[in-house]
Amino acid sequence: MGAVRRTVVATAVAATAAVGVSTGQAAATPAIDTVVNGALSVTPLCQGTIDALIIACTELEKLTPHFPLMLDLNPRGTHLVVLGAGLTEDGKIRPVLEERLEAALRAAQRYPESPIVVTGGVPRNGVTEAQAMKDWLVARGIPPERITEESESTSTVENARFTNDVLLERRATGAVLVTNRDHLERAMINFRQAVDARIPVAGIVAA
C-alpha cells in the first residue's frame, strides 16, 4: 500500500494543475496530504461509479482534521455535512457528537459562506439527532437559515442517500463530511457511492 500511495501522491500532485489547485491556493492548510486528498477526490477513482475503485481510492487518502481544498476553492458551493450520532435517552448530545459539532463549528466559522447539513434521525425524547445538532450550532452563533436538517436517516448509508437528495436539490458542487476518525472513511465511501460521481466528497476528522 505504501508504494501504491507514493505513486498516487506523485500523480495527484501533478493532477492539481488540471483542477486548478496549487499549494498556494490552500490558504487554510497547504499540506501535501491535503493537496493529494483534494486531487484524489476529483479523479475517476474517488469520484466515480465503480465501488471497488471508490473503496481503494478512499483507502489511499490520509484522514486529517485539516480543511479540504474544495472549501478554499469554492466555499459557497461546498456543503459541510455533519454526521449524527445517537443522543441520550432524554435527547441530549453525547460527547462523540459534540466532538463532531466542534469540528464543524470551526469549519463553519472559517468558511462562513458554506451551507451546512446536519444529518441523523432516531429521535430521543422527541428530538432527532439533526434537530439537536442544529440547536447546538445555532446556540453558538451559526444562523439557523444556513443549516438544513436531514432528520430521517437511521444509518450511515441512509445519511448518504438522504443527504444526497438535499445536495442535489441545493445544487451543491461538493460535500465535506465531518465525523470522527473511526467513522470517516466508511462515511466517505458511502457518500461517494450515493452521489453517483456527480460531485466530489471530502472529509474532516473530528478530534
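Going 7 Å from the Cα of Arg124 toward and past its Cβ, which residues in segment 58-90 have a backbone nitrogen under 15 Å from where you end up?
So the set is 84-90.
Per residue, how much accessible surface does the chain expose to a 1.4 Å probe? Answer in Å², no decimals.
On a per-residue basis, the chain sits at 44 Å².
Given only helices, namely DSSP H runs of n ≥ 4 each adding -39500 (n - 2.57), what is the per-residue ellipticity at 222 nm of the chain, to the nearest 500 deg cm²/dmol?
Result for the chain, helices only: -14000 deg cm²/dmol.
Describe numerically, in nm with one decimal, the distance between label points set 7 Å from Cα along Cα→Cβ at Glu59 and at Asp165.
3.2 nm
Ignoring ligands, DNA and RNA, please state the percent of accessible area on the chain from carbon and sulfur, probe 1.4 Å.
For the chain, the apolar C and S fraction of the accessible surface comes to 55 percent.
With a 1.4 Å probe and all protein chains kept in place, how much accessible area does His66 have, in Å² rounded to the nearest 10?
Answer for His66: close to 80 Å² accessible.
By accessible area of protein heavy atoms, probe 1.4 Å, what ranking do Thr154, Thr148, Thr179 get, highest first?
Thr154, Thr148, Thr179
So if R0 is 41 Å, what FRET efficiency would Glu152 and Ile32 give, r being the distance between their Cβ atoms, rounded to the nearest 0.05? Can you show the working numbers first?
Details: r = 39 Å, r/R0 = 0.95.
The formula returns an efficiency of 0.60 here.
Which entry in (1) 16.2, 52; (2) 18.4, 79; (3) 16.8, 47 matches Rg and Dmax of the Cα atoms in Å derived from the coordinates of this structure?
(1)
Counting only complete DSSP H runs, which helices of the chain cover 18 Å or more along their long axis at the Cα atoms and score a mean Kyte-Doolittle of 0.5 or above?
Once both thresholds are applied, what remains is 2-15.
Run the paramagnetic zone check for Asp135: 7 angstrom along Cα to Cβ, then residues of segment 90-107 with backbone nitrogen under 18 Å.
Counting backbone N atoms under 18 Å from the label point, the list is 90-102.
The values are calculated or read from the model by the stated rules, or taken from the named source; none is laboratory data. None of these values were measured; they are calculated from a predicted model. Every residue, glycine among them, receives a Cβ derived from its backbone with ideal geometry; neighbour counts consider all protein chains shown. Just the protein is used for accessible areas: all its heavy atoms, side chains included, with ligands, DNA and RNA removed. Shrake-Rupley method; radii C 1.70, N 1.55, O 1.52, S 1.80 Å.
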